[in-house]
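Everything below concerns the one structure shown next.
The values are calculated or read from the model by the stated rules, or taken from the named source; none is laboratory data. Values in this document were obtained by computation on a predicted structure and should not be read as measured data. Areas reflect the complete protein model, heavy atoms only, side chains present, ligands, DNA and RNA absent. Shrake-Rupley method; radii C 1.70, N 1.55, O 1.52, S 1.80 Å.
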Amino acid sequence: MKYIVFDLEWNQSPSGKEGAVESLPFEIIEIGAVKLDENFRQIDDFHQLISPGVYSQLHYKISEVTHLDMGLLKRQGIAFPEAACRFLSWCGTDYVFVTWGSMDLTELQRNMVYYGVTIPFPMPFLYYDLQKLYGLLYTEGGKDKLSLDQAVEERNILVEKDRPFHHALDDAYYTGRVMAAMEFNRVKEFLSMDYYRIPQKPEEEVYLNFPGYTKFVSREFPVKEEAIGDKRVTDVICPACRRMLRKKIRWFPMNSRLYVCLAVCPEHGLVRGKIRIKKAEDGGVFAVRTTKFTDEAGAALIAEKRDEIRVRRTEKNKQKRLARKQSRRGKARNKATEQNRRMESIG
């Protein structure tokens, strides 16, 4: 198994959203990658500049950060379809992608679709988000996302003068160095799933098992209400024994796109369920449900949050009823006033 550690640089409309192409908000202008063996040793690299076909000017922030210019891209770059084919051919077979963050694979596929390049990746499309894994290992609570240069500094990796950050190949190189320097094997089981392409049928829905928790990715639904009303989405399964669980606290909304519940496994104890509603590429929605063991303190927090939301909802409904009542009274007063005016005019 080889690791393809890669990074992209992309451009966007220099005039902001008004000049953006909806189906291609970010146009890739540079691909950089390193190939690592199973011991995280670099065995090859890939670099390609790309001549833009959509945005003819560089956004000023992109130019400042990457130090690229349109003249260089046009002189040394090639069209994206050719660049993508070269990159995929270089990747070979029997590999897994590694990125710093979750955007690169999504934007790679979005550019491929725009330019009519066939996507050869499997579904589900699993990869390593090294930024997330680094946070799991070295940040409090495991949820902080450090920048690549912060991780390089923390691992005491030498920043080479001829390898500045924010160049695709150099960022891929440093990501590979961080991967080799961190305790990667401790978090190797925690693959991420790219959500650019999602299931379209029940039989395509994805179940992923990780140490201590499970993840379920639903098919696409037209609207949120259909997703949260689907039994396959709201069922809670024990991460250890895979049995269907009884809910101690039913699903309730934390906000418009996040739902939480508490279930109990008679053998393994309390399980926290979480559903996130995400937007699909074509305008629909899909659900990502995770189930994870929790303790009495975690269960108490869920119950407390549920009660807080109930109180807020009750107060909000009370205010709405009061507003409707006041509105009806106002309309009645206005009607009475109008009738009095008419009577006076008649008299």
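Give me Rg over Rh for segment 185-255, both radii from the alpha carbons and Rh done the Kirkwood way, two decimal places.
Computed over Cα atoms, the ratio is 0.98.
Take the alpha-carbon centre of segment 197-251, take the same for segment 1-60, and report the distance between them in whole Å.
When both Cα centres are located, 33 Å separates them.
Which percent of the accessible area of segment 126-195 is formed by carbon and sulfur heavy atoms (probe 1.4 angstrom)?
Its accessible area is 46 percent carbon and sulfur atoms.
Among the aspartates and glutamates, which fall within straight-line cross-link reach of Lys274, defined as a Cα-Cα distance under 15 Å, with same-chain neighbours fewer than 8 residues apart omitted?
Asp230, Asp235
Averaged per residue, what accessible area in Å² does the chain show with a 1.4 Å probe, protein chains only?
Solvent-accessible surface per residue comes out at 56 Å².
Once you have the Cα-Cα distance between Thr314 and Glu267, take 0.36 nm times their residue separation minus that, and quote the gain in nm to one decimal.
Numbers: separation 47, 0.36 × 47 = 16.92 nm, distance 3.63 nm.
Residue separation times 0.36 nm, minus the Cα-Cα distance, leaves 13.3 nm.
Starting from the exponent 0.38 and prefactor 2.2 Å, build the expected Rg for segment 145-221 from its residue count and divide its actual Cα Rg by it.
1.52
When averaged across all projection directions, what area in nm² does the alpha-carbon convex hull of segment 260-322 cover?
6.4 nm²
So for the chain: antiparallel DSSP bridges make up what percent, rounded to the nearest 5?
Percent antiparallel among DSSP bridges in the chain is about 90.
Taking the Cα atoms only, what angle lies between the long axis of helix 104-114 and the longest principal axis of the chain, rounded to 10 degrees?
Approximately 90 degrees, to the nearest 10.
Using the structure shown, select from Lys143/Lys278; Lys247/Lys305; Lys188/Lys215; Lys188/Lys278; Lys145/Lys292; Lys188/Lys279 the pairs with a Cα to Cα distance greater than 24 angstrom.
Details: Lys143/Lys278 19 Å; Lys247/Lys305 16 Å; Lys188/Lys215 16 Å; Lys188/Lys278 26 Å; Lys145/Lys292 21 Å; Lys188/Lys279 28 Å.
Lys188/Lys278; Lys188/Lys279, as the Cα separations exceed 24 Å there.
Please determine, in degrees from 0 to 90 and to the nearest 10, the orientation of helix 296-346 with respect to the longest principal axis defined by the Cα atoms of the chain, where the helix direction is its Cα long axis.
Roughly 50 degrees between the two axes.
Out of all Cα-Cα pairs in segment 80-187, roughly what percent, to the nearest whole number, are more than 18 Å apart?
More than 18 Å apart: 55 percent of the Cα pairs in segment 80-187.
Here are labelled values, (i) 218; (ii) 176; (iii) 190, and one is the computed volume of the Cα convex hull per residue in Å³ for what I pasted. Which one?
Given (i) 218; (ii) 176; (iii) 190, the calculated one carries the label (i).
Tell me, what is the percent relative contact order of segment 171-321, built from C-alpha pairs under 8 Å that lie six or more residues apart?
It rounds to 19 percent for segment 171-321.
Cα atoms only, segment 69-140: Rg and Dmax in Å?
Reported Rg and Dmax, both Å: 15.1, 46.
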